[in-house]
Amino acid sequence: MPQASTHPLVGVIMGSESDLPVMEETLRILDSFGVPYEVRILSAHRSPHETSAYARDCMGRGIKVLIAGAGWAAHLAGVVAAETTLPVIGVPVDSSPLKGMDSLLSTVQMPPGIPVATMAIGRGGALNAAIFALQILATSKPDLQQKLVDYKKGMAADVIQRKNRNLEEYLLNRKTGASAS
C-alpha cells in the first residue's frame, strides 16, 4: 500500500484509523504517480504534542506538502498549518452524524495567516488532495507536470467516450420506447 521511502515528498496524516478508507484515495493517486509519501495517524485532540512536533519536523526531512484528513471537529489540518510553512491540504471526512459538514467547516474556517487548502468532503476530496499536492510538486518537476497533463487528457478522453456511449444508448432506447407507444 504506502510507497515506502526514506525521502517522502508528501506527508499524509489522519485523525484516526477510521479515516483510512477515505484517505486511501489519496494514497492510491500518489502511488499511481510514483510520488513517495509517508502516512501517520495523529490527532489534534488526542495527541496534540505529537501532531505539532510532526508538523514542525516535516520541512527538515524534505517533505514538501502535507495532507490532513479528519472527521468530526476536524482541527487537524489547522493545527498542522499553525506549526509549519509547508502547504497544508485539508480533507474533511464524513464520519459524524452531521455528514461531514462539521468537518468541512472546521477545516475551511481558518483565521487569517493560517491557510489550509480545503478539499471536498469524503473520497472525492481525498482524491483531489492528492492531485493538488502533485500540482504543487510539479511546479519544480517537469516529469511530474507531464504525468499530470497526461492524466487530465486521459480523464477527458474517458468522459467523452463514456458520454458518447451513454448518448447512443439513450437515443436508441428513446427511439425504441417512442415506437412502442
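Any read-out appearing in this document is the output of simple, stated calculations on the displayed coordinates, not a laboratory observation. Model, not experiment: these values are computed from the prediction. Cβ placement follows ideal geometry from the backbone for every residue including glycine, while neighbour counts extend to all protein chains displayed.
The modelled label-to-label distance between residue 158 and residue 32, using points 7 Å beyond Cα along the C-beta direction, is 0.5 nm.
State the label only: which of (1) 19.7, 77; (2) 18.1, 64; (3) 19.5, 71 corresponds to Rg and Dmax of the Cα atoms in Å computed from the shown model? Only one option fits the structure, namely (3).
Can you figure out the FRET efficiency of residue 151 with residue 6, using R₀ = 35 Å and their beta-carbon distance, to the nearest 0.05?
Computed FRET efficiency for residue 151 and residue 6: 0.85.
Using the Cβ-Cβ distance between residue 143 and residue 86 with R0 = 22 Å, the FRET efficiency computed as 1/(1 + (r/R0)^6) comes to roughly 0.50.
Which lysines have a Cα less than 26 Å from the Cα of residue 163, not counting those fewer than 8 places away in the same chain? Within the straight-line limit of under 26 Å, residue 163 reaches these lysines: 147, 152, 153, 175.
Please list, or write none, the aspartates and glutamates whose alpha carbon is within less than 17 Å of the alpha carbon of residue 64, excluding same-chain residues fewer than 8 places away. Within the straight-line limit of under 17 Å, residue 64 reaches these aspartates and glutamates: 31, 38, 83, 143. Between residue 47 and residue 135, the C-beta separation translates, for a Förster distance of 30 Å, into a calculated FRET efficiency of about 0.50.
Considering only 54, 170, 151, the Gaussian network model of the chain with Cα springs below 10 Å gives its largest mean-square fluctuation to 170. Taking the chain as a Gaussian network of alpha-carbon nodes connected by springs under 10 Å, the highest mean-square fluctuation of the residues 167, 104, 86 belongs to 167.
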